[in-house]
Amino acid sequence: MVRDQTFGNRVTDIILIVVLIGITLSCILPIWYTLSLSLSSNSAAAAGKVWLWPVDFNLNAYTQILNDNQFFRSFWISTQRVLLGVMLNFIMVVLMSYPLSRTAKELKGRNVFMWILIFTMLFNGGLIPLYLTVKELNMLNSIWALVLVGGAQTLVFNVILTMNFFRNLPKELDEAALVDGAGPWYILFKIYIPLAVPVLATVSLFSIVYHWNEFLYGLIFMSREQFYPLQTYIQQLVVSVDPSTMSEDQYRRLSELSNRTLDAAKIFIAMLPVLIVYPFLQRFFIHGITLGSVKE
């Protein structure tokens, strides 16, 4: 019986290892393929010869993207957007989720506030009213149109996730702090926030990914290219090319590109910041989203 059980455990371990290796490869190979494609020649990419290694290695796609001051300007706009968006998201999530984690007896009107938040998740006024609102607030061609409008899209979900995390913390923490004379602000900053690091790191990761990858609002609210965030800029890079205004050298470089290699380069560049940040927050991710999703 012991030998049979040991053999069964080994078989189970082997199956789990194979499954995990398959999942790992399914995540890594698309990224590697994208990098290989972006470093290959036009003809090799068009012929479908590229797989795990670049064919006719060259950096033409990256030269086309990086040899442009507007690229770095858009990169800086996206960086500002992420920093401001994550900071505002953190402040709003904490200040909204903590009081909403109280009971209806402790916070009068709590259920009304919750219904208002849920309503905003289910219904919205549409794109045209949103544009008119931003225009009336004089935020067109402003970083705040990207930060505020984009942040509002993910705020309610993050608040609900963090609120449920707070609700699952032991009530004895509040009682002990109140007995010692602590006020609400002290309890929030000295007890709840340190304990909520996993869920706050998780919602911050959500916010980082959203603000970095979102490009539609750049098209809607920005009328000039110099205000485009990075994702909007690289989305418009090929579309807005005017061959009549290009120099001979620029035209030669563009002729060496294909949509596949250029798109692969754009995708890989857009991936890099998230790939760099994710490992630092990954250890909080599962713990934070699991505890935050539990509702009493």
| query | Out of the residues in the stretch 51-70 that are under 29 Å from the mean Cα position of the chain (by Cα), without any contact (Cβ under 8 Å) to a residue 40 or more places away in the chain and more than 30 Å from residue 146 (Cα to Cα), which is surrounded by the fewest Cβ atoms within 10 Å (Cβ to Cβ)? | reply | 52
| said: So the check is Cβ under 9 Å with 6+ separation or different chains; which pairs have a first residue in the stretch 71-94 that's at positive phi and a second one that's part of a helix (DSSP H, G or I) and modelled with pLDDT under 90? | reply: none
| task | Scan (1) part of a helix (DSSP H, G or I); (2) crowded, with 16+ Cβ neighbours inside 10 Å; (3) not hydroxyl-bearing (Ser, Thr, Tyr) for the single condition residue 118 breaks and write down its number. | result | (2)
| Of all residues in the stretch 210-235 being closer than 19 Å to residue 264 by Cα and β-branched (Val, Ile, Thr), which is modelled with the lowest pLDDT? | 234
| Residue tally, condition more than 16 Å from residue 216 (Cα to Cα) and of a type in the set (Gly, Ala, Ser), over the stretch 123-139 | 1
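Can you confirm whether the stretch 154-170 contains a residue that is out of contact with any helix residue (DSSP H, G or I) (no Cβ under 8 Å at 6 or more places or on another chain) and either on the phi > 0 side of the Ramachandran plot or without any contact (Cβ under 8 Å) to a residue 40 or more places away in the chain (or both)?
Yes, there is a match, as at least one residue in the stretch 154-170 is out of contact with any helix residue (DSSP H, G or I) (no Cβ under 8 Å at 6 or more places or on another chain) and either on the phi > 0 side of the Ramachandran plot or without any contact (Cβ under 8 Å) to a residue 40 or more places away in the chain (or both).
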| remark: Scanning the stretch 165-185 for residues that are at pLDDT 85 or above and within 14 Å of residue 94 (Cβ to Cβ) gives 165, 166, 185
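The values are calculated or read from the model by the stated rules, or taken from the named source; none is laboratory data. In this text the structure is predicted, and so the values were computed from the model without any measurement. Because the Cβ atoms are built from the backbone with ideal geometry, glycine has one as well, and the counts that use them run over all protein chains shown.
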